[in-house]
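The values are calculated or read from the model by the stated rules, or taken from the named source; none is laboratory data. Values in this document were obtained by computation on a predicted structure and should not be read as measured data. Every residue, glycine among them, receives a Cβ derived from its backbone with ideal geometry; neighbour counts consider all protein chains shown. The area values use the complete protein model at the heavy-atom level, side chains included, leaving out ligands, DNA and RNA. Shrake-Rupley method; radii C 1.70, N 1.55, O 1.52, S 1.80 Å.
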Amino acid sequence: MMQKMFSLILASIGMILFFRELIRGHFGEAVVTFLASKFRLEYQDALYIYETIFRENLSMIICIAIIIALVAVFRYSIRWVTSYFNEISAGCDALLDESRELITLSPEMSFLELKLNECKNVLEKRERDARQAEQRKNDLVVYLAHDIRTPLTSVIGYLDLMKEAPDLPVEQRAKYLSITLDKAYRLEQLINEFFEITRFNLQSIPLNRENLHLSYMLQQMVEEFYPILSPAGKTAHVHVPEDLILPGDPDKLARVFNNILKNAAAYSYPDTVIEIRAWQEESQIHITFTNQGPVIPPENLRSIFEKFFRLDSARSTSTGGAGLGLAIAKEIVTAHQGVISASSSEEGTVFSISLPAAE
């Protein structure tokens, strides 16, 4: 735009200078000849009239020509500016267009074209995220109904059975009561998990930091998992230096390790070993949990830390909770300025955590 305006101004100046020289040259002779022949004047009289009207008022005529040139420049510049505003308006309209075609403007507006296309990409991403969030919310309603209905149906069924048959044998009644109590505990666990993830989402996670002996914590956790691992012949081995100190909230980090170990125990083959390793590398402490089990597809690995995601598509309650354990683990690790990730291959599935080491 500036280049066009500059060219127009130069052209206007050139026309004024040409007009000035024209008045002083052959144009003057033509005017004098015209006056003499048209009005039958003597040559000297016609020359006098010409000099009086044109040459003596040359400055005024040039000023008028300059004003006309400036008006023309202003008019055309306004037209150019208006055309650019129209382009900008069309580009803004294209931001709301559902079409995925890129916005195209004139070469002079290339910088704005780039910005508008960036905005369009951001808006499209936000729209996709909003649709995915809406889908996750709908899934939550379905999953919540499914996960809570299963133990609740059992509780109601066994209580109804005991109500309709008051003369049940004592052993049978005790068995039904035991099953009902287990299902009620399961229902309580699910409700607590939903409250837990909601609490983590609605507020920042408060951390009570202290220096932890990581080896002792993991050894203790493995011992607590013995009743869960031993029936299937599974074991867990801890390979952590005894002097490795991890700064963090002990209760919340224990929740992280517990959730990962629970996941590894649920999805590993019988008679296999879960390897737990930790080491310090410069300012980071790396912790890995490796188990031998089915390979997790790449598309599932991308979603494994999302809320309510379950590896088993049938969502059976025999292998875990409501799909919140790893999501909660990620929330806690992030609150510790750490990173959690997962990888899976024929060699095993590895959950990796990196946390800042003590200064």
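Listed values, structure above:
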item	result
Built amide H within the under 5 Å cut-off of I285, gap 5+	L355, A357
Chymotrypsin sites (Phe, Trp or Tyr not before Pro) within the range 251-291: DSSP coil, no more than 10 neighbouring Cβ in 10 Å	none
By accessible area with a 1.4 Å probe, ligands and nucleic acids excluded, highest first: order of E346, E331, E127	E346, E127, E331
Cβ-derived FRET efficiency at R0 51 Å, E118 paired with N192, nearest 0.05	0.70
Solvent-accessible surface (1.4 angstrom probe) belonging to F111, in square angstrom, nearest 10	140 Å²
